[in-house]
Amino acid sequence: MNELIEAALWALQYHEATDRANATVHCAPVRYSPITFRLARALEAWWPAGEDITEEMARVRSHRGKYQEDSGR
């Protein structure tokens, strides 16, 4: 795996987990931040065809278009 893609994947894992933790602290549904959405989208663009995406990428993808992104974050 390319080092840049690996670093982006680690960043996605961090931000996706942080967004879930923040929702848990506030007893609210998860709403992913703009950076989380963009990291997932960028990784998907570079992901090898035919290879399964990560669980984090799948969770973020499942939220795409369900709510307006919080531009204040």
(request) Scan the stretch 34-58 for residues that are more than 8 Å from the chain's Cα centre (by Cα) and in contact (Cβ under 8 Å) with a residue 24 or more places away in the chain and jot them down. (result) Pro34, Ala42, Leu43, Trp46, Thr54
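Right, Ala23: closer than 21 Å to Ser71 by Cα, exposed (fewer than 11 other Cβ atoms within 10 Å of the Cβ) and hydrophobic (A, V, I, L, M, F, W, C) or not? Before you say what the answer is, go through the steps one by one.
Values: closer than 21 Å to Ser71 by Cα: yes; exposed (fewer than 11 other Cβ atoms within 10 Å of the Cβ): no; hydrophobic (A, V, I, L, M, F, W, C): yes.
Judged against the criteria, Ala23 is not a match.
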(request) Hey, could you check the stretch 30-73 for residues that are closer than 18 Å to Tyr14 by Cα and part of a loop (DSSP other than H, G, I, E, B) and say which is modelled with the lowest pLDDT? (result) Arg73
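The values are calculated or read from the model by the stated rules, or taken from the named source; none is laboratory data. The model shown is predicted, which means the values in this text are computed figures rather than measured ones. Note: ideal-geometry Cβ built from the backbone for every residue, glycine included; neighbour counts use all protein chains shown.
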